[in-house]
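A.B. asks: A single structure is presented below for examination.
The values are calculated or read from the model by the stated rules, or taken from the named source; none is laboratory data. None of the values given here were measured: they were computed from a predicted structure. Neighbour counts are summed over all protein chains in view; Cβ atoms, including those assigned to glycine, are modelled from backbone coordinates with ideal geometry.
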Amino acid sequence: AAFVSIFTTETTPFAFSRGHCQVSSFGVGGTNGHAIFWGEELHTERDWSTTFHRKFMNAHGKIIADGPDPEMWEYHGPPIEATADKYKVVIYPDKNYGDVVRWVKQDVEQPDFYSVTGNHNNWTADRMLMGDVKGLWFLEVDVPSAGELHFRILADGDSSKAFGPPQSGCTKKLAAILGPADITTHWTVRGVPKDVIRLEFLAIAPTVPKSICWRTL
């Protein structure tokens, strides 16, 4: 019969966590046999994050040497000047270069404005004002009658682009800021009812870390 076959008598590596193979035996006198082998890896847990990181570190930017002058060569590695820019990293096999990393810059639009939503406005959106410093947005709100102000920040007034702390009730100004995402966590500011609180949100660029601050006027 004309077919491609591979005979192995030793343990061989398999690229997947499970698989099967089938073997047919054509006997004499009309007797045929067929066997199906199936297996699954049960004892080894793969750390895919570590595996990807290792492949990422071992991969390299593709260089196309077009001519004898290195100044004219094409380099497809990570941009040296990339700082706060956001990139999508793709690793793909290349028969000449092995694993090659491709960097695709992601265009992130700057929101037109930011809003504050909280228990002071029944969780609607109050648009913030631009400050004198680039990227600084602020809003002055009254502490509710319960003596606690709960709030989070929205980009473009969109609840699916919210900024908030890791946990609701956070009172720390230096806590990590999550977002923009569809989150419901909020900061808490305690004070005397009717006190005026100035909320300040610093967002210089979409890819630059944000900061939050508040003070009583």
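A.B. asks: Quick check on my filter: what residues within the range 127-166 are closer than 21 Å to Val192 by Cβ and of a type in the set (Asp, Glu)?
C.D. replies: Correct list: Glu140, Asp142, Glu148.
A.B. asks: Among the candidates Ile197, Ile204, Ile212, which residue alone is assigned to a loop (DSSP other than H, G, I, E, B) and surrounded by 12 or more Cβ atoms within 10 Å (Cβ to Cβ)?
C.D. replies: Ile204
A.B. asks: To continue, here is another question. If you go through the range 113-144 one residue at a time, how many are at pLDDT 95 or above and among the small types (Gly, Ala, Ser)?
C.D. replies: 3
A.B. asks: Now, a different point. Leu217 is checked against (1) modelled with pLDDT of 95 or more; (2) surrounded by fewer than 16 Cβ atoms within 10 Å (Cβ to Cβ) and fails just one. What number does that condition carry?
C.D. replies: With respect to (1) modelled with pLDDT of 95 or more; (2) surrounded by fewer than 16 Cβ atoms within 10 Å (Cβ to Cβ), Leu217 is out only on (1).
A.B. asks: Being in contact (Cβ under 8 Å) with a residue 24 or more places away in the chain, outside the structural domain of Ile91 (by TED's automatic domain parsing) and within 30 Å of His76 (Cβ to Cβ) is true for just one of Pro193, Pro144, Pro209. Which residue is that?
C.D. replies: Every option except Pro209 fails the conditions.
A.B. asks: Next question, about the same structure. Name the single residue, out of those in the range 183-192 being in contact with a Ser or Thr (Cβ under 8 Å, 6 or more places away or on another chain) and more than 23 Å from Val208 (Cβ to Cβ), that is surrounded by the most Cβ atoms within 10 Å (Cβ to Cβ).
C.D. replies: Val189
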